[in-house]
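Coordinate-derived values only; no laboratory data. No experiment lies behind these values; they were computed from the predicted model shown. Cβ sites come from the backbone with ideal geometry, for glycine too, and all protein chains shown count toward neighbours.
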Amino acid sequence: FKEVNDSLGHLLGDELLVQVAGRLRSTLHPDEELARLGGDEFALVIPAATLEQAEQAAVRLLDALTEPFHVEGLALHVDASVGVAVSPRHATDTTGLLRCADIAMYRAKYLRGRSAVYDAADDDPARQRLQTVEELRTALARDQLVLHYQPQASLPDGQISAVEALVRWCHPETGLRYPDTFLPLVEEAGLMAALTDRVLELALDQILTWQADGLPVLPVAINLSASSTVDTALPDRIAGALAVRDLPGNVLVLEITEQFLMADRARAHAVLTQLRQLGITISIDDFGTGYSSLAYLRDLPVDELKLDRAFIAPLADDARAANLVRSTVDLAHALGLRMVAEGVEDQTTWNELARYGCDHIQGYHLARPMPGPALTHWFQQRQPGGPHIPTQHPSRTPSSAGRTN
Ligand code: C2E
Ligand code: CA
Ligand code: CA
């Protein structure tokens, strides 16, 4: 629902809610009661229901949502998760029942099932989740987010051309946590805009530090979640963050996903145009994994495609995979776009990509993501006097060690 609201606006979001409520209502038996609890959450009360009856009701509700909804000529598919709780088995008062149903609903979401019955064993994870959301708020307020930076090199010369900023959470108890363990919760808790702003500030401050350390200016790439890119105030906030540091827009690359582009083309076009006018580079991340259409690649103001590492990994030993990458590089160039290959883990892959005319590479074979000061050191160590690396011997880490994802 959030996606619909963000991309189509609240009016159409409301219209969709009204239609959904109508469908749900059409399934009701005479003594049942349906209420909207808020947002996109509804509650169905069935007097004196057995567990079996309640579970059947869940199926009824879900079935009612199968057919797409039509809002302003768009066919929208809606999915729902249902949590089931019955009295007196799970709780006997309203508050208790609602709470159990809520916990069961998260279980349904978590299991990617459509409905789930309350299970006391979930009480802990539910409490845990709430606690983590609280900790995330603290993390944002108390500077527990840090960025690691992973360099990119241009081909064929191997010069360091940019770095990607990747967020980590220095959790006071559990230590360094990687984005896949907390970003989904950040999104769910509505904290993504705050996280993006924080990441932006940290990255721009780091650019100033590197400048002071005597490093050449390396553009920093920042990841934007689909929800932060539909945020129409974003270009202004970014412009402000650049201006207070007296930095030009071309120090920033924004990595967006195809998801964002597909959500609302007109809006995406407007936001991207504004960002590009600031001199910012726009890159399409994880390219090839979404629902790309050639039309949007032709029409949207983007500069760069970042081919997903799922395509890069098999390149060295699979001729068909190699051909796919090669022709994608050609496609990018035919559209006037740069191609970046991510997840380059060995020299063979590096060499092949250079042969195909790929413009930039990123991956463990060049370097793993590292803290800002470590990058300064890394850069100075391997490149006395300038940003040149011999193409045939990009240094560092075998891909077998450490963390992969
Ligand atoms: P991504 O944008 O595709 O980032 C690249 C991920 O691949 C990083 O994982 C990086 O450590 C990893 N990687 C780099 N080179 C290699 C390689 O050669 N082999 C393999 N197997 N992996 C490699 P990380 O840092 O865990 O980030 C995961 C995802 O989290 C990112 O995927 C991005 O979608 C998201 N993310 C990270 N930072 C941010 C952020 O500040 N904001 C938002 N919205 N998302 C972020
Ligand atoms: Ca990225
Ligand atoms: Ca990626």
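What are the extents of the Cα atoms of the chain along their three principal axes, in Å, largest first?
79, 48, 47
With n ≥ 4 as the cut-off for DSSP H runs, can you work out [θ] at 222 nm for the chain, using -39500 (n - 2.57) per run divided by the number of residues, rounded to the nearest 500? Could you put the intermediate results ahead of the total?
Working: 16 runs with 185 residues, N = 405.
For the chain, the value works out to -14000 deg cm²/dmol.
Provide the percentage of antiparallel DSSP beta bridges, counting only those with both residues in the chain; round to the nearest 5.
Details: 25 of 48 bridges.
Of those bridges, close to 50 percent are antiparallel.
From the phi angles alone, apply the Karplus equation (6.51, -1.76, 1.60; θ = phi - 60°) to region 310-322 and give each ³J(HN,Hα) in whole Hz, x where the residue is Gly or Pro.
4, 8, 7, 3, x, 4, 5, 10, 9, 5, 5, 4, 4
Which ³J(HN,Hα) values in Hz, rounded to whole numbers, follow from the phi angles of region 19-31 under the Karplus curve 6.51 cos²θ - 1.76 cosθ + 1.60, where θ = phi - 60° and Gly and Pro get x?
5, 4, 4, x, 4, 4, 4, 5, 8, 5, 8, x, 8
If I fit a long axis through the Cα atoms of helix 234-244 and take the longest principal axis of the Cα atoms of the chain, what angle between them do I get, 0 to 90°, rounded to 10?
40
Cα centroid distance between region 129-167 and region 293-327, in Å?
Going from one Cα centre to the other spans 24 Å.
Per residue of region 153-165, in order, report the coupling 6.51 cos²θ - 1.76 cosθ + 1.60 (Karplus, θ = phi - 60°) as ³J(HN,Hα) in whole Hz, putting x for Gly and Pro.
Rounded to whole hertz, the list is 10, 8, 10, x, 7, x, 6, 6, 10, 6, 9, 9, 8.
According to the square roots a ≥ b ≥ c of the eigenvalues of the Cα gyration tensor, what is the shape class of region 64-191, taking rounded for a/c under 1.5, prolate for a/b larger than b/c otherwise, and oblate for the remainder? List each step's numbers first, then the result.
Details: a/c = 3.30, a/b = 1.60, b/c = 2.07.
Here region 64-191 falls in the oblate category.
Based only on the alpha carbon positions, what is the Kirkwood hydrodynamic radius of region 154-268, in angstrom? Show your work: numbers first, answer last.
Working: mean 1/r = 0.0638 Å⁻¹.
Answer for region 154-268: a Kirkwood hydrodynamic radius of 15.7 Å.
Just round it to a whole percent: the fraction of Cα-Cα distances in region 117-164 exceeding 19 Å.
Details: 674 of 1128 pairs.
Roughly 60 percent, once rounded to a whole number.
Take the chain, connect every pair of alpha-carbon atoms lying under 10 Å apart with a spring to form a Gaussian network, then pick out the residue of L224, L140, L275 with the largest mean-square fluctuation.
It is L140.
Against the longest principal axis of the chain, how steep is helix 179-188, in degrees 0 to 90 to the nearest 10, with axes from Cα atoms?
With both axes taken from Cα atoms, the answer is about 50 degrees.
Quick check of the Kirkwood formula: for region 225-325, what is the inverse mean of 1/r over all pairs of different Cα atoms, in Å? Kindly include the intermediate steps, with their values, before the conclusion.
Working: mean 1/r = 0.0681 Å⁻¹.
For region 225-325, the Kirkwood estimate is 14.7 Å.
When you have a sec, figure out the Kirkwood radius of region 90-131 from all distinct Cα pair distances and drop it here in Å to one decimal? Walk me through the numbers on the way to the answer.
On the way: mean 1/r = 0.0968 Å⁻¹.
Kirkwood radius, region 90-131: 10.3 Å.
Going highest first, how would you order 62-68, 32-38, 207-213, 248-254 by mean Cβ packing within 10 Å? Mind dumping the intermediate values first?
Working: 62-68: 13.4, 32-38: 11.6, 207-213: 15.0, 248-254: 19.6.
Ranking, from highest mean packing down: 248-254, 207-213, 62-68, 32-38.
Placing unit charges on C-beta atoms (Lys and Arg positive, Asp and Glu negative, everything else neutral), compute the dipole magnitude of the chain about its Cα centre in debye, rounded to 20. List each step's numbers first, then the result.
Details: 34 positive and 54 negative charges, 156 e Å.
I would put it at about 740 debye.
Dipole of region 177-327, Cα-centred, from +1 at each Lys and Arg C-beta and -1 at each Asp and Glu C-beta, to the nearest 20 debye? Let's see the in-between values first.
Working: 12 positive and 21 negative charges, 61 e Å.
I would put it at about 300 debye.
Please label the shape of region 172-235 as rounded, prolate or oblate, based on the square roots a ≥ b ≥ c of the eigenvalues of the alpha-carbon gyration tensor (a/c under 1.5 means rounded; beyond that, a/b larger than b/c means prolate, else oblate). Display every interim value, and only then the final one.
On the way: a/c = 2.78, a/b = 1.40, b/c = 1.99.
Oblate.
T257's amide H: which non-local residues (gap 5+, or another chain) put their own amide H closer than 5 Å, with H modeled 1.01 Å from N in plane and none for Pro or chain starts?
Here the answer is D285, since their amide H atoms fall under 5 Å of that of T257.
Which of P314, P301, P172 moves most in a GNM of the chain, Cα contacts under 10 Å?
P172
5 Å is the cut-off here: which amide hydrogens, built 1.01 Å from N in the peptide plane, fall below it relative to R338, excluding neighbours closer than 5 in sequence?
Answer set, sorted by chain and number: E304, L305.
In the chain, with Lys and Arg counted as +1 and Asp and Glu as -1 at Cβ, which of these residues, A120, L61, H269, has the Cα nearest the positive end of the dipole, that is, farthest along it?
Farthest towards the positive pole: H269.
Looking at A48, P235, H148, which one has the Cα that reaches farthest to the positive end of the dipole of the chain (charges on Cβ: Lys, Arg +1; Asp, Glu -1)?
H148
Out of residues 5 or more away from M370 or on other chains, whose amide H comes under 5 Å of its own, with H placed 1.01 Å from N in the peptide plane?
For M370, whose amide H was placed from the backbone, the distant partners under 5 Å are Y149, Q150.
Compute the orientation-averaged projected area for region 1-132 from the convex hull of its Cα atoms and round it to one decimal in nm².
Values: hull surface 34.2 nm².
Averaged projected area of region 1-132's Cα convex hull equals 8.5 nm².
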